[in-house]
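Once you've had a glance at the structure underneath, I'll fire off some questions.
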Amino acid sequence: MSLGVLNNLSALYAENNLNNSNNSLNTVLQQLSSGSKINSGADDAAGLSLVDGLQANQMALTQSVTNATEGVGLLQVADGALSQVTSLLNRAVTLATEASNGTLNSSQDTAANQEYQSILSEISNIGTTTTYNDAAVFNKSTDIYTGDSSTTGSSIDDLNIRTLSSSNVGDSGGVMAYSGGSNSVFVNLSSSTVNAQATDDLNTNGTTSINVNYLVKGSNGQESTATTSITVGTGTSYSNTANGLISAINNSGLGLSANFSTQSQAGVAGGGTETGIQISGGVVSVGVDPNAVSTSGTLSLSGSSASSLLTQGQTISIQSGTQTALSVVVGPTTKTLADLATAINDA
């Protein structure tokens, strides 16, 4: 007895089309319920990659808003503390004016002085106990990071709040110090034939230090000289390059601003295309009268000995503002750092 197989092709076509319609309906329902056109790689693989990247950007920017808000909160806490200090200082002025009057007896003078000393103690107490999220507010640098999850879209704002105490009220030595730029110094890093690049190593000894000398006006109105050494390279978080030194200067908390520029951009007399580091700003003071202080612009590179050889033909230029103080070309008679020092002294 023979067997036969009967196929209902029309029914198979109908079933297949029904399954396709059901799958399409499930996809539409998923899109409607989720509110997203693309829910898996099967919907649109290339589109899913783009969507995931945009979602990452969105999440990073949302968190950046929170970061910025927290930075504002930190500044508001500092502002509140400083408002209290302002009230205390107003009372201190009142006491000082009262004690200056000759009508008070000795016991009244003593009482006024006791309250005055309590005010000084409270100002110092506010400076040491003011915190935000269990971290000190004053004498601290805080980085506020914002970005869109990409390197090019990232930014860090450094909130550098100086020490607050009875002896440091009115300190303008942080990054909030300003200058008209007349105290700028241009460090020429180029040779006579090749311009320096921002990624160039400063030397082969692993570290480079730059000493910044400046005048400081103390609470008694007397000026004194202070020196801060900024080091890059081995043992630091900055690379031993021109870019590394620029970052270290900008983050030193001295109100200095450094950037890689040409002589022309730095305002050097005569202009020129030779490149180097321009350092400006630098009115550093612990007083309240920035006009009473100045920046000496003295810079020195360490990490080499007096007998270290210099590159012949290199021009060593010292500029302040638009004036060229000295220009020495390294030649047969100026081979070492010691020779260079002699040439500078002779000039």
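The values are calculated or read from the model by the stated rules, or taken from the named source; none is laboratory data. Because the structure is predicted, anything quoted here is derived from the model rather than measured. Virtual Cβ from ideal backbone geometry, glycine too; neighbours counted across all protein chains shown.
In this structure, is ASN125 at pLDDT below 95, surrounded by fewer than 16 Cβ atoms within 10 Å (Cβ to Cβ) and outside any helix (DSSP H, G or I)? Explain how you work it out, then say what you get.
Working: at pLDDT below 95: yes; surrounded by fewer than 16 Cβ atoms within 10 Å (Cβ to Cβ): yes; outside any helix (DSSP H, G or I): no.
So ASN125 fails the test.
I'd like to verify a number: residues in segment 213-234 that are modelled with pLDDT of 70 or more and either farther than 21 Å from ASN160 by Cβ or in contact with a Ser or Thr (Cβ under 8 Å, 6 or more places away or on another chain) (or both), how many?
Within segment 213-234, residues that are modelled with pLDDT of 70 or more and either farther than 21 Å from ASN160 by Cβ or in contact with a Ser or Thr (Cβ under 8 Å, 6 or more places away or on another chain) (or both) number 7.
Out of all the residues in segment 86-94, is one or more touching a residue at least 40 places away in the same chain (Cβ under 8 Å) and surrounded by 10 or more Cβ atoms within 10 Å (Cβ to Cβ)?
Yes, segment 86-94 has at least one match.
Any idea which residue in segment 40-75 is farthest from ALA135 (Cα to Cα), counting only those that are at pLDDT 90 or above and β-branched (Val, Ile, Thr)?
Here the residue is THR62.
Here's the yes/no breakdown for (1) crowded, with 17+ Cβ neighbours inside 10 Å; (2) at pLDDT below 80:
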| site | (1), (2) |
| --- | --- |
| SER141 | no, yes |
| THR152 | no, no |
| ILE161 | yes, no |
| SER166 | yes, no |
| VAL169 | yes, yes |
| SER172 | yes, yes |
| SER182 | no, yes |
| VAL187 | yes, yes |
| VAL194 | no, no |
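Would you call SER87 farther than 30 Å from TYR116 by Cβ and over 31 Å from the mean Cα position of the chain (by Cα)?
On the way: farther than 30 Å from TYR116 by Cβ: no; over 31 Å from the mean Cα position of the chain (by Cα): yes.
No, not satisfied.
Also, I was wondering about something else. Please indicate, with yes or no, whether at least one residue in segment 103-111 is surrounded by 12 or more Cβ atoms within 10 Å (Cβ to Cβ) and either among the small types (Gly, Ala, Ser) or farther than 30 Å from VAL169 by Cβ (or both).
The answer is yes, given that some residue of segment 103-111 is surrounded by 12 or more Cβ atoms within 10 Å (Cβ to Cβ) and either among the small types (Gly, Ala, Ser) or farther than 30 Å from VAL169 by Cβ (or both).
Follow-up question, since we're still on this one. Looking at (1) closer than 21 Å to SER154 by Cβ; (2) without any contact (Cβ under 8 Å) to a residue 24 or more places away in the chain; (3) surrounded by 13 or more Cβ atoms within 10 Å (Cβ to Cβ), which one does ALA68 not meet, given that it meets all the others?
(2)
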